[in-house]
Amino acid sequence: MKTFRIGGVHPAENKLSAGSPIREAALPKQAVFSMFQHIGAPAKPVVKKGDVVKVGTLLGEAGGFVSAPIYSSVSGKVSKVDVALDASDTRRMAVYVDVEGDEWEESIDRSDALVRLEDRPDLDAKTIVEKIKQAGIVGMGGATFPCHVKLCPPPGEKAECVIINAVECEPYLTADHSLMLEKADEILVGVALIMKAVGVERGYIGIENNKPDAIALMQEKVKAYPRIEVVPLKVQYPQGGEKQLIDAVIARQVPAPPAIPISVGAVVQNVGTAFAIYEAVMKNKPLISRIITVTGKSVKNPSNLLARLGTPFSQLIEECGGLPADTGKIIGGGPMMGKALISLDIPMTKGSSGLLIMNEKEARRAEPEPCIRCAKCVGACPMGLEPYLLAKISSQNMWDEAEKECIVSCIECGSCAFICPSHRPLLDNIRLGKSTVMGIIRERVAKK
Ligand code: SF4
Ligand code: SF4
């Protein structure tokens with residue numbers, strides 16, 4: 001069975017919410033919409049205190065080409081435009097809406113009727129990309145890169161295929177899995193729309209073989225789409241990384257930065273993004289909700305919730321049985337790449353794929369011991385880096401060396417820290433080094 005060729009680890013899967021049907025979360029009393037829900041320039045608020053909004057009303061316009069607009073997921077009254085704490089532990093500009101009723105903009109088609117590509121012969125590539133841009137669609141796997149940017153290859157680059165990331169290799173998370181089981185038809189229309197947008201004849205959907213029900217269903221449904229192929233993949237973390245997925249599915253390796261997936265002809269989108277694209281283009285629905293997995297070994301009812309953006313995490317945890325008494329740490333995302341949250345008042349955003357509640361035992365970090373030079377971290381690194389060295393030079397502020405050793409190629413997957421028998425804080429040090437070196441590179445480019 002196919003997989004990527006360099007590195008990789010096998011953390012315990014702990015997919016506690018697998019098979020749990022998607023449940024709609026209750027409306028919050030107040031929804032808070034960060035203007036920083038994507039990579040790139042923040043959105044600019046276009047509403048003020050006292051404004052009345054509906055589900056689907058524009059709250060913030062895109063702040064540039066690499067940006068995305070923000071829409072209200074609730075109806076009610078804007079109570080303030082002010083800073084709010086987000087999942088990156090930063091206070092940033094946000095729009096607060098006090099919820100009243102559930103009134104939607106009339107332009108949104110709320111019916112369940114499937115709209116196929118052949119039902120909309122009027123849709124050309126330009127129109128599809130524009131609708132995706134206007135709807136504020138971003139990468140839903142957690143990267144939150146504005147989707148329309150990826151669908152507009154830079155001059156000189158040409159897309160040859162679309163690869164859908166339905167791997168969900170992070171332990172515990174099952175949001176994409178549940179979406180495939182319940183929205184397969186809509187996802188396939190979304191994939192066909194992406195293929196039309198970038199003008200390619202081949203589409204692949206990569207799914208790890210720990211989701212046999214999703215593979216079987218998608219293989220059945222894909223029979224109506226001769227240009228799309230479902231590719232079952234061997235379970236291996238971090239197969240959801242773009243470069244790893246491209247290698248696994250079409251056996252092409254993306255060179256080091258500045259090369260990007262399109263450099264080898266691939267456009268990669270998450271399966272949740274394909275669904276959001278279907279809703280944006282065929283239903284005129286901006287990105288206002290998503291599936292989030294709320295899970296953990298002590299959580300009473302691990303679930304896949306369909307929740308409106310802006311809902312506080314505390315409410316989502318309540319809906320799954322409340323915060324367990326033995327909670328040690330709460331992670332936004334999965335255990336490998338997620339980040340610890342310092343507050344439960346943080347609102348859900350476009351990139352919120354999971355909430356993992358670790359118990360005290362799991363949350364305890366082992367004391368780091370000296371490096372024993374076993375090279376296990378090197379063998380596990382999917383980017384072919386030397387993590388022990390990157391961590392060491394980062395901790396010694398040796399930024400020139402860190403750049404030479406390609407620290408910016410690190411995808412922050414955490415495989416090195418996971419495998420290290422000495423419990424070295426490799427990822428913490430490398431993350432710090434990477435962001436510092438990227439800042440130095442940005443400054444250098446700006447001066448030129
Ligand atoms: S976190 Fe970075 S250095 Fe560590 S294994 Fe992943 S890519 Fe390699
Ligand atoms: S895995 Fe840990 S102990 Fe082994 S070489 Fe890497 S940093 Fe050192």
> Which of the residues that make up segment 405-443 are assigned to a loop (DSSP other than H, G, I, E, B), touching a Pro at 6+ places or on another chain (Cβ under 9 Å) and near ligand 1 (Cβ under 8 Å from one of its atoms)?
Replying inline: CYS410, ILE411, CYS413, GLY414
>> Looking at MET140, MET195, MET180, can you tell me which residue is in the same structural domain as PRO238 (by TED's automatic domain parsing), touching an Asp or Glu at 6+ places or on another chain (Cβ under 8 Å) and closer than 21 Å to LYS285 by Cβ?
In response: MET195
> Across segment 366-382, which residue is nearest to ligand 1 (Cβ to nearest atom) among those that are crowded, with 19+ Cβ neighbours inside 10 Å and in a loop (DSSP other than H, G, I, E, B)?
Replying inline: CYS381
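Between ALA391, ALA402, which is more than 14 Å from ligand 2 (Cβ to nearest atom) and part of a helix (DSSP H, G or I)?
One residue alone meets the criteria, ALA402.
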> Can you name the condition, by its number, that ALA446 falls short on among (1) under 30 Å from VAL294 (Cα atoms); (2) among the hydrophobic types (A, V, I, L, M, F, W, C); (3) more than 14 Å from ligand 1 (Cβ to nearest atom)?
Replying inline: (1)
>> Please list, ordered by residue number, the strands (runs of 3 or more DSSP E) wholly in segment 265-323 having 3 or more residues that are among the aromatic types (Phe, Trp, Tyr).
In response: none
> touching a residue at least 60 places away in the same chain (Cβ under 8 Å), crowded, with 23+ Cβ neighbours inside 10 Å and touching a Leu at 6+ places or on another chain (Cβ under 9 Å) - does that describe any residue in segment 394-405?
Replying inline: no
>> If ARG373 meets every condition in (1) more than 16 Å from ARG431 (Cα to Cα); (2) more than 14 Å from ligand 2 (Cβ to nearest atom) apart from one, which number is that one?
In response: (2)
> Going through segment 107-118 one residue at a time, which ones are touching a helix residue (DSSP H, G or I) at 6+ places or on another chain (Cβ under 8 Å) and assigned to a helix (DSSP H, G or I)?
Replying inline: LEU117
> Given LYS48, LYS80, LYS15, which one is modelled with pLDDT of 95 or more, under 23 Å from the mean Cα position of the chain (by Cα) and basic (Lys, Arg)?
Replying inline: LYS15
> Going through segment 108-133 one residue at a time, which ones are of a type in the set (A, V, I, L, M), within 26 Å of the chain's Cα centre (by Cα) and farther than 23 Å from ALA62 by Cα?
Replying inline: LEU114, VAL115, LEU117
> How about segment 117-153: which of its residues are farther than 25 Å from LYS350 by Cα and not hydrophobic (A, V, I, L, M, F, W, C)?
Replying inline: GLU118, ASP119, ARG120, PRO121, ASP122, ASP124
> Quick one: would you say GLU103 is farther than 21 Å from PHE145 by Cβ and modelled with pLDDT of 95 or more?
Replying inline: yes
> Among the listed residues SER75, SER17, which satisfies the condition of being touching a residue at least 40 places away in the same chain (Cβ under 8 Å), small (Gly, Ala, Ser) and on the phi < 0 side of the Ramachandran plot?
Replying inline: SER17
>> Condition first: within 16 Å of ligand 2 (Cβ to nearest atom) and either closer than 14 Å to SER72 by Cα or assigned to a loop (DSSP other than H, G, I, E, B) (or both). Now tell me which residues in segment 7-51 satisfy that.
In response: GLY7, GLY8, HIS10, PRO11
> Is segment 337-351 home to any residue that is within 16 Å of ligand 1 (Cβ to nearest atom) and either among the basic types (Lys, Arg) or touching an Asp or Glu at 6+ places or on another chain (Cβ under 7 Å) (or both)?
Replying inline: yes
> Considering only segment 413-448, how many residues are within 16 Å of ligand 2 (Cβ to nearest atom) and among the acidic types (Asp, Glu)?
Replying inline: 1
> Only one of LEU385, LEU344 is part of a loop (DSSP other than H, G, I, E, B), within 14 Å of ligand 2 (Cβ to nearest atom), under 30 Å from THR293 (Cβ atoms) and not small (Gly, Ala, Ser); which?
Replying inline: LEU385
> Which residues, counting only those in segment 207-250, are touching a residue at least 24 places away in the same chain (Cβ under 8 Å) and part of a loop (DSSP other than H, G, I, E, B)?
Replying inline: ASN209, ASN210, LYS211, TYR225, ARG227, LYS234, VAL235, GLN236, PRO238, GLN239, GLY240, GLY241
> If ALA184 passes every condition in (1) surrounded by fewer than 24 Cβ atoms within 10 Å (Cβ to Cβ); (2) closer than 24 Å to GLY296 by Cα but one, which one does it miss?
Replying inline: (2)
>> Tell me yes or no: at least one residue of segment 423-437 is on the phi > 0 side of the Ramachandran plot and acidic (Asp, Glu).
In response: no
> So which pairs qualify, if the first residue must be in segment 365-392 and free of Cβ contacts under 8 Å to residues at least 60 places away in the same chain, the second must be of a type in the set (Asp, Glu) and within 9 Å of ligand 2 (Cβ to nearest atom), the Cβ gap must be under 6 Å, and the two must be at least 6 apart or on different chains?
Replying inline: VAL378/GLU386
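The values are calculated or read from the model by the stated rules, or taken from the named source; none is laboratory data. Here the structure is a predicted model, which means the values were calculated and not measured. As a convention, Cβ positions derive from the backbone with ideal geometry for all residues, glycine included, and neighbour counts pool all protein chains shown.
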